[in-house]
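Undergrad: Submitted below is the structure of interest, expressed as structure tokens.
The values are calculated or read from the model by the stated rules, or taken from the named source; none is laboratory data. This structure is a prediction, so every number in the text was calculated from the model and none was measured. Virtual Cβ from ideal backbone geometry, glycine too; neighbours counted across all protein chains shown.
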Amino acid sequence: LQVAVAAPNSDAVEKLRLGAVTRAAVCCTVGTPRAPMVVRWRPAAGSHRGRRMHGIVSEIRRLAGEGFPVRAERIEILDSPADFYERLLSISNIAVVAVPRDGFIGKKPGTTNMDNPGPPAESLRKVISNHGDLSVNVVLDYHRGQRRDRQGECSMSVLSKLATCFPAQFKVHLFRVPQWRWIHDAVVRWPRWKELVGVQHAKLYVFDDTVIISGANLSNDYFVNRQDRYYVIRDAALADFSHDLVARFARWSHRLQHDGLSLSRPLEPPSTIDVQPDKRTSAKRDEGSMGPTDTFVFPTIQLDVAGVRLDHELLTQIVSGNLSPSDGMHHLTLASGYLNLTPDFQEMLANFPGTVSLVTASPMANGFYGAAGVSRFIPDAYAVVVNELLARMPPNKCEIFEYERTGWTYHQKGLWLHPSPTAPPALTVIGSSNFGHRSVYRDLEAQLCIATNNQDLRQRMHNECQRSTTQYTHKVSKQNHSLRVTPHPALDVIM
């Protein structure tokens, strides 16, 4: 039994449930998958849209490999941070919470009840002691994993206690993006600025044969009032793939030593990353072993500095309309809490052969709203970006919605592709990418592209997409949005 959890950007690993599993990896990770099965695409009987989707799946296979056939009923779409939190709890039967800010175990986010008060490391130590065959592998971003809160705690400092006590069972790794490393080591002194170079940004949670893909981290806000997307997929082959990613990614990372203070060098330099060839090769099962299927899952990875560009290549094909029907009767919905699209991406949206809906955070729902220093201008900077995007889009081509909910922030990311303007989506991409410059060129990203012709799954995807565009959102226009941006010299510096 295996567990893998990817939360690279968390201030700390706030919640981990490790009762019924024997191998766990708390990790933000990518790597080499095992070969998926070769199966036949099953269009709906007599369905023209089914034939269209067959073409889309074939094109994705050309770019991303065979993909994983998954039964549609084994894909669950969660709605809220509370659902995400509860699903993490339900994975196994022992709750373990590490909350460095509070210093207690068993505190559910948003409550004051302490079911099992005590230092986080001590409670985790008891769980591992009671499960001798439990193995935990943690991979965090190098800089964010060492970012300290006001109490002086960080993910590494909390987890180092376990790494010291259980060196064979509990392993902590920190991934460092290999870009301009010597420059920012010598010049950049403020830790937060070092993150501008690039971070490990993927979020992947794997427990036994269950995979949770999301844009959410494991810090407290993501369990309470920070809206994101969450897909739960129960599939052994996809879980095997994800565990393989964790193991490979750990070899590219610095490992926390037994003393809990020092870091070893990576066993393999990140420049050796080569995932796509292995993903397309290796032994394949017999085509008839599973029979026809109507849902495929395609994992994609992006780390431009290491030459891994699969995610961007696939997104380019989707947004450019190359995967879409040729008659123009289709629609694209894209969500990003930080809508700072690259110029190429904006041009593709403008030329998309259908209509486009974009969803992003309002300034008040931006994660930097109310921040101190120059960061307080970041929400207005994103508002400027939205204004510029509105100005570039052709008339009647694009509509933009802003999420605004009192006391909440917005962190959703991903896209939905609809075969026609009124039809439920037949394809979605979910994961860590915000579709901006960082996602394409600086950060390490991991996503899943899900293509389906299953009517029930498509309806559930449609419901999720509708919630994203209608719940707590308002439509913005060039006129009413430009008036909300307050000019300030600092905005020019940020832009």
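Undergrad: Here is a list: Ala381, Ala391, Ala371. Which entry is within 18 Å of Ala361 (Cβ to Cβ) and either surrounded by fewer than 19 Cβ atoms within 10 Å (Cβ to Cβ) or modelled with pLDDT of 90 or more (or both)? Spell out how you get there, then give the answer.
TA: Numbers: Ala381 fails: either surrounded by fewer than 19 Cβ atoms within 10 Å (Cβ to Cβ) or modelled with pLDDT of 90 or more (or both); Ala391 fails: within 18 Å of Ala361 (Cβ to Cβ).
When all the criteria are applied, what remains is Ala371.
Undergrad: Another question, then. Which residues, taken from the range 128-161, are part of a strand (DSSP E or B), aliphatic (A, V, I, L, M) and over 21 Å from Ala446 (Cβ atoms)?
TA: Restricting attention to the range 128-161, the residues satisfying the condition of being part of a strand (DSSP E or B) are 135-141.
The next check asks that each one be aliphatic (A, V, I, L, M); those that pass are 136, 138-140.
Answer for the range 128-161, where residues must be part of a strand (DSSP E or B), aliphatic (A, V, I, L, M) and over 21 Å from Ala446 (Cβ atoms): there is none.
Undergrad: Would you please name the residue that is farthest from Asn387 (Cα to Cα), looking only at residues in the range 310-361 that are small (Gly, Ala, Ser) and over 21 Å from the mean Cα position of the chain (by Cα)? Even if it seems obvious, please write down each step before you answer.
TA: Of the residues in the range 310-361, the ones small (Gly, Ala, Ser) are 320-321, 324, 326, 328, 335-337, 350, 354, 357, 361.
From what's left, over 21 Å from the mean Cα position of the chain (by Cα): 320-321, 324, 326, 328, 350, 354.
On the way: Ser320: 22, Gly321: 24, Ser324: 28, Ser326: 30, Gly328: 26, Ala350: 15, Gly354: 21 Å.
Once the filter is applied, the top-ranked residue is Ser326.
Undergrad: Would you pick out the residues in the range 305-347 that are assigned to a loop (DSSP other than H, G, I, E, B) and modelled with pLDDT under 90? Give the steps one after another, and end with the answer.
TA: Initial filter on the range 305-347 (assigned to a loop (DSSP other than H, G, I, E, B)): 307, 309, 320-330, 337-340, 342.
If the condition is that a residue be assigned to a loop (DSSP other than H, G, I, E, B) and modelled with pLDDT under 90, then Gly307, Ser320, Gly321, Asn322, Leu323, Ser324, Pro325, Ser326, Asp327, Gly328, Met329, His330 are the ones that fit.
Undergrad: Exactly one condition in (1) free of Cβ contacts under 8 Å to residues at least 24 places away in the same chain; (2) more than 26 Å from Tyr230 (Cα to Cα) is false for Pro379; which is it?
TA: (2)
Undergrad: Restricting the first residue to the range 67-78 and requiring it to be over 13 Å from Asn453 (Cα atoms), which pairs with a second residue that is assigned to a loop (DSSP other than H, G, I, E, B) and not acidic (Asp, Glu) meet a Cβ separation below 7 Å and a spacing of at least six or different chains?
TA: Close Cβ pairs satisfying both conditions: Gly67/Pro36; Phe68/Pro36.
Undergrad: Kindly provide the set of residues from the range 188-238 that are under 12 Å from the mean Cα position of the chain (by Cα) and among the small types (Gly, Ala, Ser), ordered by number.
TA: Ala202, Ser214, Gly215, Ala216
Undergrad: Give the range 219-261 a look and list any residue that's modelled with pLDDT under 95, in contact with a strand residue (DSSP E or B) (Cβ under 6 Å, 6 or more places away or on another chain) and of a type in the set (A, V, I, L, M, F, W, C), or say none.
TA: Ala237, Leu238, Ala239, Val246, Phe249, Ala250, Leu256, listed by residue number.
Undergrad: Restricting to the range 435-467, count the residues that are in contact with a Lys or Arg (Cβ under 8 Å, 6 or more places away or on another chain) and more than 23 Å from Glu59 (Cα to Cα).
TA: Residues that pass the stated criteria total 1.
Undergrad: What residue, among those in the range 408-449 that are of a type in the set (A, V, I, L, M) and touching a helix residue (DSSP H, G or I) at 6+ places or on another chain (Cβ under 8 Å), is surrounded by the most Cβ atoms within 10 Å (Cβ to Cβ)?
TA: Just the residues of the range 408-449 that are of a type in the set (A, V, I, L, M), to begin with: 415, 417, 423, 426-427, 429-430, 440, 444, 446, 448.
Next, only the ones that are touching a helix residue (DSSP H, G or I) at 6+ places or on another chain (Cβ under 8 Å) stay: 415, 417, 423, 426-427, 429, 440, 446.
Values: Leu415: 26, Leu417: 24, Ala423: 14, Ala426: 26, Leu427: 25, Val429: 24, Val440: 22, Ala446: 28.
Taking the candidates together, the pick is Ala446.
Undergrad: Looking only at the range 168-181, decide whether some residue is assigned to a helix (DSSP H, G or I), at pLDDT below 80 and under 30 Å from Ile430 (Cα atoms). Before you say what the answer is, go through the steps one by one.
TA: Within the range 168-181, the first condition is being assigned to a helix (DSSP H, G or I), and the residues that meet it are 181.
If we keep only those that are at pLDDT below 80 as well, we get 181.
Filter once more, keeping what is under 30 Å from Ile430 (Cα atoms): 181.
Yes, the range 168-181 contains a residue that is assigned to a helix (DSSP H, G or I), at pLDDT below 80 and under 30 Å from Ile430 (Cα atoms).
Undergrad: Let me ask another. Of the conditions (1) buried (at least 18 other Cβ atoms within 10 Å of the Cβ); (2) within 16 Å of Arg229 (Cα to Cα); (3) at pLDDT 95 or above, Arg467 clears all except one; give me its number.
TA: (1)
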